[in-house]
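Step one of this worksheet: look at the structure below.
The values are calculated or read from the model by the stated rules, or taken from the named source; none is laboratory data. On a predicted model such as this, the values are computed, not experimentally measured, just so you know. In this analysis, Cβ positions are derived from the backbone assuming ideal geometry, glycine residues included, and neighbour counts consider all displayed protein chains. We work out accessible area using only protein heavy atoms, side chains counted, and drop any ligands, DNA or RNA first. Shrake-Rupley method; radii C 1.70, N 1.55, O 1.52, S 1.80 Å.
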Amino acid sequence: MHVFVTGATGYVGSAVVRELISAGHTVTGLCRSEEKAAGLKAAGAEALYGTLDDLDTLRSAAAAADGVIHLAFTGDFSNFEAALALDLRAVEAVGAALEGSGKPFITTGHPHENGHTVDDAVLAMAERGIRASIVTLAPSVHGKGDRAFVPTLINIAREKGFAAYIGDGTNRWPAVHLLDAAVLYRLALESAPAGSRLLGVGEVGIPFREIAEVIGRQLNVP
(Lines give C-alpha, C1' and ligand atoms only; values in the text may rest on other atoms or scores of the structure.)
Protein backbone atom coordinates (compact mmCIF):
# COMPACT_ATOMS: atom_id res chain seq x y z
CA MET A 1 0.00 0.00 0.00
CA HIS A 2 0.98 3.61 -0.48
CA VAL A 3 0.53 5.17 2.97
CA PHE A 4 0.34 8.84 3.87
CA VAL A 5 1.70 9.41 7.39
CA THR A 6 1.41 12.64 9.35
CA GLY A 7 3.85 13.12 12.21
CA ALA A 8 6.19 10.89 10.22
CA THR A 9 9.35 12.37 11.70
CA GLY A 10 8.28 12.18 15.35
CA TYR A 11 9.28 9.64 17.98
CA VAL A 12 6.47 7.20 17.20
CA GLY A 13 6.06 8.28 13.59
CA SER A 14 9.66 7.50 12.64
CA ALA A 15 9.27 3.96 13.97
CA VAL A 16 5.96 3.51 12.15
CA VAL A 17 7.52 4.66 8.86
CA ARG A 18 10.37 2.16 9.21
CA GLU A 19 7.92 -0.62 10.11
CA LEU A 20 5.72 0.12 7.09
CA ILE A 21 8.63 0.19 4.67
CA SER A 22 10.11 -3.02 6.07
CA ALA A 23 6.74 -4.69 5.47
CA GLY A 24 6.76 -3.66 1.80
CA HIS A 25 4.56 -0.56 1.90
CA THR A 26 5.56 2.78 0.41
CA VAL A 27 5.28 5.93 2.51
CA THR A 28 4.79 9.64 1.99
CA GLY A 29 5.47 11.49 5.21
CA LEU A 30 4.34 14.98 6.15
CA CYS A 31 7.21 17.14 7.42
CA ARG A 32 8.02 20.79 8.04
CA SER A 33 11.68 21.21 7.11
CA GLU A 34 14.46 20.01 4.83
CA GLU A 35 16.25 18.59 7.86
CA LYS A 36 13.24 16.44 8.72
CA ALA A 37 12.80 15.50 5.05
CA ALA A 38 16.36 14.17 4.95
CA GLY A 39 15.56 11.70 7.72
CA LEU A 40 12.45 10.51 5.90
CA LYS A 41 14.32 10.03 2.64
CA ALA A 42 17.10 8.14 4.44
CA ALA A 43 14.45 5.74 5.73
CA GLY A 44 13.16 5.19 2.19
CA ALA A 45 10.08 7.42 2.34
CA GLU A 46 8.98 10.39 0.26
CA ALA A 47 8.67 13.76 1.98
CA LEU A 48 5.73 16.12 1.64
CA TYR A 49 6.18 19.59 3.10
CA GLY A 50 3.31 20.93 5.15
CA THR A 51 1.68 21.26 8.56
CA LEU A 52 -1.65 20.32 10.10
CA ASP A 53 -2.88 23.79 9.13
CA ASP A 54 -2.47 22.96 5.44
CA LEU A 55 -5.86 21.33 4.98
CA ASP A 56 -5.67 21.28 1.18
CA THR A 57 -2.35 19.45 1.39
CA LEU A 58 -3.83 16.92 3.80
CA ARG A 59 -6.83 16.32 1.58
CA SER A 60 -4.84 15.85 -1.61
CA ALA A 61 -2.24 13.57 0.02
CA ALA A 62 -4.96 11.45 1.62
CA ALA A 63 -6.85 11.13 -1.66
CA ALA A 64 -3.69 9.98 -3.45
CA ALA A 65 -2.87 7.33 -0.83
CA ASP A 66 -4.21 3.83 -0.20
CA GLY A 67 -4.41 4.58 3.51
CA VAL A 68 -3.57 7.22 6.10
CA ILE A 69 -1.94 7.03 9.54
CA HIS A 70 -2.37 10.26 11.47
CA LEU A 71 0.29 10.71 14.16
CA ALA A 72 0.89 14.46 14.14
CA PHE A 73 -0.17 16.55 17.13
CA THR A 74 1.07 19.98 18.13
CA GLY A 75 1.49 18.95 21.78
CA ASP A 76 0.96 22.53 22.92
CA PHE A 77 -0.27 21.86 26.44
CA SER A 78 -0.29 25.59 27.18
CA ASN A 79 -3.28 25.83 24.83
CA PHE A 80 -4.57 22.29 24.69
CA GLU A 81 -8.05 23.23 23.49
CA ALA A 82 -6.57 24.95 20.44
CA ALA A 83 -4.36 21.92 19.76
CA LEU A 84 -7.40 19.64 19.86
CA ALA A 85 -9.35 21.99 17.59
CA LEU A 86 -6.51 21.91 15.06
CA ASP A 87 -6.39 18.13 15.27
CA LEU A 88 -10.12 17.90 14.66
CA ARG A 89 -9.85 20.10 11.54
CA ALA A 90 -7.03 17.93 10.22
CA VAL A 91 -8.94 14.71 10.90
CA GLU A 92 -12.06 16.07 9.19
CA ALA A 93 -10.03 17.14 6.15
CA VAL A 94 -8.58 13.65 5.76
CA GLY A 95 -12.01 12.13 6.31
CA ALA A 96 -13.52 14.27 3.57
CA ALA A 97 -10.88 12.99 1.14
CA LEU A 98 -11.38 9.33 2.08
CA GLU A 99 -15.17 9.26 2.30
CA GLY A 100 -16.72 6.31 0.44
CA SER A 101 -13.33 4.85 -0.50
CA GLY A 102 -13.15 2.02 2.02
CA LYS A 103 -9.54 3.03 2.69
CA PRO A 104 -8.03 2.70 6.18
CA PHE A 105 -7.58 5.78 8.36
CA ILE A 106 -5.69 5.16 11.60
CA THR A 107 -5.38 7.81 14.30
CA THR A 108 -3.97 7.98 17.81
CA GLY A 109 -6.52 8.10 20.61
CA HIS A 110 -6.69 11.02 23.03
CA PRO A 111 -6.62 9.83 26.65
CA HIS A 112 -7.96 13.19 27.84
CA GLU A 113 -11.72 13.51 28.17
CA ASN A 114 -11.82 16.72 26.11
CA GLY A 115 -10.18 14.82 23.26
CA HIS A 116 -13.15 12.51 22.87
CA THR A 117 -14.65 14.81 20.23
CA VAL A 118 -11.76 14.00 17.90
CA ASP A 119 -11.99 10.27 18.62
CA ASP A 120 -15.75 10.30 18.11
CA ALA A 121 -15.30 12.05 14.76
CA VAL A 122 -12.89 9.34 13.63
CA LEU A 123 -15.11 6.45 14.71
CA ALA A 124 -18.11 8.07 13.00
CA MET A 125 -16.21 7.81 9.73
CA ALA A 126 -16.83 4.07 9.80
CA GLU A 127 -20.40 4.94 8.77
CA ARG A 128 -19.11 7.00 5.84
CA GLY A 129 -17.27 4.29 3.95
CA ILE A 130 -13.90 4.71 5.67
CA ARG A 131 -12.09 1.88 7.49
CA ALA A 132 -11.35 4.15 10.43
CA SER A 133 -9.79 2.93 13.68
CA ILE A 134 -8.05 4.36 16.72
CA VAL A 135 -4.84 3.19 18.38
CA THR A 136 -4.44 4.34 22.00
CA LEU A 137 -0.95 3.91 23.41
CA ALA A 138 0.12 3.25 26.98
CA PRO A 139 1.41 6.35 28.82
CA SER A 140 4.98 5.07 28.61
CA VAL A 141 6.15 4.27 25.08
CA HIS A 142 9.72 3.27 25.80
CA GLY A 143 12.60 2.80 23.39
CA LYS A 144 15.53 4.58 21.79
CA GLY A 145 14.90 8.32 21.69
CA ASP A 146 12.22 8.37 24.43
CA ARG A 147 12.03 11.83 26.02
CA ALA A 148 8.63 11.51 27.67
CA PHE A 149 7.45 10.55 31.16
CA VAL A 150 10.09 8.13 32.42
CA PRO A 151 13.07 10.14 31.09
CA THR A 152 11.51 13.18 32.78
CA LEU A 153 11.37 11.25 36.07
CA ILE A 154 15.02 10.25 35.62
CA ASN A 155 16.03 13.88 35.11
CA ILE A 156 14.06 14.99 38.18
CA ALA A 157 15.74 12.30 40.29
CA ARG A 158 19.14 13.35 38.99
CA GLU A 159 18.43 17.00 39.90
CA LYS A 160 16.84 16.33 43.30
CA GLY A 161 19.17 13.56 44.44
CA PHE A 162 16.43 11.00 45.07
CA ALA A 163 13.81 9.03 43.08
CA ALA A 164 10.32 9.76 44.39
CA TYR A 165 6.94 8.07 44.25
CA ILE A 166 3.54 9.13 45.60
CA GLY A 167 1.99 7.40 48.61
CA ASP A 168 2.80 3.70 48.74
CA GLY A 169 3.71 3.65 45.04
CA THR A 170 1.21 0.95 44.11
CA ASN A 171 -0.43 2.97 41.33
CA ARG A 172 0.33 1.12 38.11
CA TRP A 173 1.69 2.32 34.79
CA PRO A 174 1.11 0.33 31.62
CA ALA A 175 3.84 0.58 29.01
CA VAL A 176 4.68 -0.51 25.48
CA HIS A 177 7.91 -0.67 23.52
CA LEU A 178 8.17 1.75 20.61
CA LEU A 179 8.77 -1.00 18.05
CA ASP A 180 5.76 -2.99 19.26
CA ALA A 181 3.61 0.13 18.98
CA ALA A 182 4.81 0.56 15.39
CA VAL A 183 3.75 -3.00 14.57
CA LEU A 184 0.29 -2.31 15.99
CA TYR A 185 -0.18 0.72 13.72
CA ARG A 186 0.83 -1.39 10.70
CA LEU A 187 -1.56 -4.18 11.64
CA ALA A 188 -4.35 -1.66 12.13
CA LEU A 189 -3.66 -0.24 8.68
CA GLU A 190 -3.66 -3.67 7.08
CA SER A 191 -6.57 -5.37 8.77
CA ALA A 192 -8.40 -3.55 11.59
CA PRO A 193 -12.18 -3.53 11.02
CA ALA A 194 -13.89 -0.17 10.68
CA GLY A 195 -14.71 1.39 14.03
CA SER A 196 -12.04 -0.52 15.96
CA ARG A 197 -10.37 0.75 19.11
CA LEU A 198 -6.97 -0.84 19.66
CA LEU A 199 -4.93 -0.56 22.85
CA GLY A 200 -1.15 -0.60 22.58
CA VAL A 201 0.10 -2.15 25.83
CA GLY A 202 3.01 -4.55 26.28
CA GLU A 203 3.55 -4.36 30.05
CA VAL A 204 0.11 -4.27 31.62
CA GLY A 205 0.82 -2.64 34.98
CA ILE A 206 4.13 -1.72 36.58
CA PRO A 207 3.86 -0.38 40.17
CA PHE A 208 5.24 3.15 40.19
CA ARG A 209 7.42 2.32 43.18
CA GLU A 210 9.28 -0.24 41.05
CA ILE A 211 9.98 2.43 38.44
CA ALA A 212 11.36 4.74 41.14
CA GLU A 213 13.47 1.93 42.59
CA VAL A 214 15.08 1.17 39.22
CA ILE A 215 15.80 4.86 38.67
CA GLY A 216 17.35 5.04 42.14
CA ARG A 217 19.58 2.03 41.52
CA GLN A 218 20.76 3.25 38.14
CA LEU A 219 21.54 6.76 39.43
CA ASN A 220 22.82 5.50 42.80
CA VAL A 221 20.40 7.73 44.71
CA PRO A 222 17.82 6.79 47.38
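Quick notes on this one:
- Reachable lysines, given that their alpha-carbon falls under 30 Å from the alpha-carbon of LYS144 and they are not under 8 places away in the same chain: LYS36, LYS41, LYS160
- Fully extended contour minus Cα-Cα distance, from VAL214 to SER78, at 0.36 nm per residue: 45.8 nm
- Where trypsin sites (Lys or Arg not before Pro) fall in DSSP loop in segment 143-222, at most 10 other Cβ within 10 Å: LYS144, ARG147
- The accessible surface of segment 73-222, taken with every protein chain in place and a 1.4 Å probe, is 56 percent carbon and sulfur.
- Segment 149-202 - Kirkwood radius from inverse mean 1/r over Cα pairs (Å): 14.1
- Per residue accessible area in Å² of the chain, where ligands, DNA and RNA are left out and the probe is 1.4 Å: 51
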